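These notes concern the structure reproduced below.
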Amino acid sequence: MVKFEPGAVNVISGASKTGKSSVIPIIDYCLGSEKCAIPVGVIRESCSWFGVLVDTLEGQKLIARREPGDLKASGDILLLEGQEIEPPPIIQQKNQTVEYVKAVLNRLSGLSNLQFEPGSEDRFKSRPSFRDLMAFLFQPQNIIANPDVMFFKADTTDHREKLKTIFPYVLGAISPELLQARHELDRISRQLRRKEGELKARQASGASWQREGFAWARLAIEYGLLPAHTVVPNDWPSTVDLLRAAMQSDTRSATPTLASMDVIMARLTELRGAESKLVMELNQSRNRLHELRRLDESSDSFRDGLYVQRDRLGLSRWIRELVTERPAAVLEPSDAGRARIDQLCQALEGIELRLRSHPAITESLGRETLRQREAVETILADLSAVRQEIRTLEGQSEEARKVTTRGEEISHFRGRLQEALRLYEVADTSSTLNEEILALRTQVEGLNKLISEHEIGRKTENALDTIQSISSRLVPELDGEWPDAPIRLNIQDLTVKVIRGTRDDFLWEIGSGANWLAYHVALTLALQGYFLSKPNHPVPGLLIYDQPSQVYFPTRRAGKALEEDLDPEWNNEDVAAVRKVFALFDHIITRTTGRLQIIVLDHADEDVWGKLANVHHVEEWRGKGLVPAEWG
């Protein structure tokens, strides 16, 4: 078991092939990685389980996971929880699933369980996960001085796109409360759309019922439920009051009269006249539409003919220019020939003038066609309403003449009228539905202000400014080429830009492994500094660096090239550069007052990082390694 001290720079030094670089994939695997990246060979063959013991606010948690064998990863996992945990010497069986452990880690981190975009099927917009935070903890050997990749596993599309999504979240520009507001906005918006659809349906139903309501009022007069001299008003509210009055009348005293039946006859005569007029207007509008269509087709043919004439007459302008500019180069035309050429050119100008005015003609035709279509639609709607009222009055008037069944008919009519009035009350647009829609719209406006993309962008830029300020103080402490040039994190490309005067250079545009290392170290430390400044930030206070000295690693001396067990020798310049890295780690541990833990896996021995107050030498793997020799 390897024990790391909290609040310190923990160093494991040693030679190659001792298992130093396996520490990161072991921790990553135990924390729920989908794939086991622990190197095959001695480590995988000698171990049946891998485990990590972590301190949390709830106490210690031991997470152990079975070696997957030929599988990509194993789902067998052991989770032990308590104030202090003593790792068992042998693990007999699992007690939890990987998904359960991930859920525990998500909860401990205080991550929101809501998607970034409600209802989205994009896997990159799924909820933030503890697994996403690994990008900020690990700097393995293939990343720490990589000009193209800044973050752990950001060289794969899935991790890269998800990291772009969660960056505003970890920077605090998107909070759990904002995600909740997004989901609340989605819920209220769906509710608002449903209410608006219901209101629209009610309005359509109410409009249809209003067309019939005037006929119902006249039928009430015919049935004797209203006085024969009653005048049916043109406004709808008064008509509704009239129908309600009909409902209050006594059916026993309702005696149809000739005068009341004449009301229906007079209205039918009026409606038939209106129907004939509307039919005539409809035929006229249809004929106009037909003529406009033919005129549009003729206009296109006329335009095509003008293009043909213009192309043919274009030769005359060329001949006139040729005669005018270079008279000696062609046969000199006679005066009559010149006059004829001028006539052709004038005709050409006239055709071009008509071509230029043609679009305006086409636009006028389009506007008139649209106006006629709207007129036809209006006439059809009015005609439909008139014919519907005619059918209602004709049918009811015919039945009204059956005096033998008059009492029963009046009762049926009152029943239908009562139900119609009830439905009207439900469909009344002045009901509480309008108030509910207004309240929902107010909530939507408030939530839209809360989740403003502009505000999110502003907060993100402010966070990047702070990180830039922190990293700019760290870069001069390292062995970079431009110590005074600030660096800025670019979320879209997941890299940094080096700001030098009037130009900004991406990391991959800059040479030298020393520069790449300096910017990786400065940015990861600056990010951790920013995270630690935020209360209860989800990213753990942990950084693990594998082989930060690799860019300075010297070639072995020729005389000992074949002695694999010997470490290379360092010159003073290399030692000074690498020590700057360790000295910065030591300084950061002091500044963070024990809230950050740094682990360094490196070839460098105590001659490089010794005598630094916060550096803790964990183990020396020279002549031994991660797996004890007796396990082999």
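Here are the numbers:
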quantity	calculated
Over region 582-632 - Rg/Rh using Cα atoms and the Kirkwood inverse-distance radius	1.07
Footprinting exposure proxy for R182, R107 (fewest neighbouring C-beta atoms within 10 Å first)	R107, R182
Calculated log₁₀ intensity ratio I(q)/I(0) where the Debye formula runs over C-alpha points of region 75-192, q = 0.09, 0.11, 0.12, 0.14 Å⁻¹	-0.36, -0.53, -0.61, -0.78
Farthest positive-ward along region 35-145 dipole, Cα basis, beta-carbon charges - from L53, V104, I91	V104
Tensor-based shape of region 1-154 (alpha-carbon gyration tensor, a/c under 1.5 rounded, otherwise prolate or oblate)	rounded
Computed over region 433-524, Kirkwood Rh from alpha-carbon pairs, angstrom	15.6 Å
Least to most buried among M134, M265 (fewest other Cβ within 10 Å first)	M265, M134
Within straight-line cross-link reach of K94, aspartates and glutamates at Cα separation under 18 Å, skipping those fewer than 8 residues along the same chain	E34, E67, D76, E81, E86
Gyration tensor (alpha-carbon) shape descriptor, region 1-86, a/c threshold 1.5	oblate
For region 54-115 versus region 143-187, the gap between their alpha-carbon centres in whole angstrom	24 Å
Environment charge at I85 (Cβ cut-off 15 Å; Lys +1, Arg +1, Asp -1, Glu -1)	-3
Likely footprinting exposure, K162, K35, K3, fewest C-beta neighbours within 10 Å first	K3, K35, K162
Cα centroid of region 595-620 to Cα centroid of region 433-500, whole Å	34 Å
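Values quoted throughout were computed directly from the atomic coordinates according to the rules given, and no laboratory measurement underlies them. Keep in mind that what you see is a predicted model, and the values were worked out from it rather than measured. Please note: Cβ atoms are built from the backbone with ideal geometry, for glycine as well, and neighbour counts cover all protein chains shown.
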